[in-house]
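Notes to accompany the following structure.
The values are calculated or read from the model by the stated rules, or taken from the named source; none is laboratory data. Quick caveat: nothing in here was measured; it's all calculated off a predicted structure. As a convention, Cβ positions derive from the backbone with ideal geometry for all residues, glycine included, and neighbour counts pool all protein chains shown.
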Amino acid sequence: MKKIVVVGGGAGGLELVTKLGHVFGKKRQAEITLIDRSRTHIWKPLLHEVATGSLDINNDGLNYRAHSAKHHYQFQLGTLIDVDGEAKKLTLDALSDEKGHVILPERTLDYDILIMAIGSVSNDFGTPGVAEHCYFLDSHKQAERFQQALLNHFLRVHQTGADEKLKIAIVGGGATGVELSAELFHVADMLKAYGMPDMSGKRVHVELIEAGPRILPALPDRVAMLASKELSRLGVTISQSTRVVQAFDGGFETADEKTIDADLMIWAAGVKAPDFVGNIKGFETTRSNQVLVKGTLQTAAFDNIYVIGDCCACKQADGSFVPPRAQSAHQMASLVFDNIKASFRSEALKEYVYKDYGSLVNLSSYSTVGSLMGNLTGGSMFVEGRIARFVYISLYRLHLIAIHGWVKATVIIAAQKIGKVVKPKLKLH
């Protein structure tokens, strides 16, 4: 029986392993295994809501082990540290508890087909002090760590004088930085209903720092302009064409020797694949450690290794690389699933062609803006307000359907709606 291993349970990896389990695992045509360093899945575009407490991963997360039992695959908790493409083996790091006690030693697994879906981590570009003083939003654990610090600072500010403000600096004007900026004001306003009557968005100072000439550089100008207008209305200070050269305890230093003071500092300025990827023998990688692949999403050296999602460097016809977005991971997962089925039947594999369906930016409860592209619109269509919000929510619901099926996804969506009525709207612990 062939062994198919998927490393990484993000948007693409989880959708792929679910499909593989239903087709090959259920019929015992292959042994399907998912490996992830976390026990819980959360849709990555929602991490900024986990970071502010708007979303509780204990209620809205997915447990891999429970999911695997119902979808005909196996789950192993572990962190990938090496791949031996010649021997068809991968190595997982030793698994330890919070006190450093080894639960499982370093171990190796065999595979016949390997899918690398390990996602990305923040890229600090070697900026001094960032790793020591900044929060990142690469995983739900990091988001929860920031949420705890945010709660502590809200408590401190609430107990001090009315003139005291919580100063938050966010480096990176992409979707994560923009959405987090708006969500912080929303949460500050909501705290009035939870024992902090003196708290509001007026007691939060958020500075969004972008090295480029405008925020949301990957989106159309009109989307960026509307987002900037809405953020400015909320009170966000937007510093564009501002390059951070150093982080220290209490703020950032910019290239023009300006100091930006902050109680909390978040780095969301760029992504890269984990560093160990660049050291794997036989892999061709970019400066961001992304693995270069052929049109079929196979690596150049090993036809039995596929790469999808943020860690994949797939060149398009115009010479540019497919952008690291959730829709890219979803499309790649679908293609690799089709290609694995084709390989079982000794049929020709398909080439991946990225389809851009547009991008949406959710500014918490205040607004949603973006553009829709593709066959539906016949080009590009700007959307905002309720329509954009509906489409944004629909993308998450489509993800739920892909990993749970229609029936269970419908039940989950209904339960989430009920939960919003009977449970606190903020995670307060």
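Some points to look at:
- One residue alone among Ile403, Ile413 is at pLDDT 90 or above and surrounded by 14 or more Cβ atoms within 10 Å (Cβ to Cβ), and that residue is Ile403.
- Scanning the stretch 201-212 for residues that are surrounded by 14 or more Cβ atoms within 10 Å (Cβ to Cβ) and over 28 Å from the mean Cα position of the chain (by Cα) turns up just one, Arg203.
- Within the option set Ile401, Ile387, Ile393, Ile418, being outside any strand (DSSP E or B), within 30 Å of Leu155 (Cβ to Cβ) and without any contact (Cβ under 8 Å) to a residue 12 or more places away in the chain holds for one residue only, Ile418.
- Residues of the stretch 205-243 that are free of Cβ contacts under 8 Å to residues at least 24 places away in the same chain and among the hydroxyl-bearing types (Ser, Thr, Tyr): Ser228, Ser232.
- The helices (runs of 4 or more DSSP H) found wholly in the stretch 1-71 include none carrying at least 2 residues that are surrounded by fewer than 20 Cβ atoms within 10 Å (Cβ to Cβ), within 19 Å of the chain's Cα centre (by Cα) and of a type in the set (A, V, I, L, M, F, W, C).
- Helices (runs of 4 or more DSSP H) completely within the stretch 113-200 that count 1 or more residues being touching a His at 6+ places or on another chain (Cβ under 7 Å) and surrounded by 19 or more Cβ atoms within 10 Å (Cβ to Cβ): 175-190
Yes or no, residue by residue, for (1) in contact with a strand residue (DSSP E or B) (Cβ under 7 Å, 6 or more places away or on another chain); (2) outside the structural domain of Thr237 (by TED's automatic domain parsing); (3) within 30 Å of Ile168 (Cα to Cα):
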{"position": "Glu257", "(1), (2), (3)": "no, no, yes"}
{"position": "Ile260", "(1), (2), (3)": "yes, no, yes"}
{"position": "Asn279", "(1), (2), (3)": "no, yes, no"}
{"position": "Thr285", "(1), (2), (3)": "yes, yes, no"}
{"position": "Leu292", "(1), (2), (3)": "yes, yes, no"}
{"position": "Leu297", "(1), (2), (3)": "yes, yes, no"}
{"position": "Ala300", "(1), (2), (3)": "yes, yes, no"}
{"position": "Asn304", "(1), (2), (3)": "yes, yes, no"}
{"position": "Val307", "(1), (2), (3)": "yes, yes, no"}
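- Odd one out for Gly172 among (1) modelled with pLDDT of 95 or more; (2) under 20 Å from the mean Cα position of the chain (by Cα); (3) on the phi < 0 side of the Ramachandran plot: (3)
- Residue list for the stretch 76-112, restricted to those being surrounded by fewer than 20 Cβ atoms within 10 Å (Cβ to Cβ) and touching a residue at least 60 places away in the same chain (Cβ under 8 Å): Ile81, Asp82, Asp84, Gly85, Glu86, Lys88, Leu109, Asp110, Asp112
Conditions (1) among the polar types (S, T, N, Q); (2) closer than 21 Å to Ser394 by Cα, marked per residue:
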| site | (1), (2) |
| --- | --- |
| Ser38 | yes, no |
| Leu47 | no, yes |
| Asn63 | yes, no |
| His67 | no, no |
| Gln74 | yes, no |
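- Complete set of residues in the stretch 88-108 that are in contact with a Lys or Arg (Cβ under 7 Å, 6 or more places away or on another chain) and aliphatic (A, V, I, L, M): Leu92
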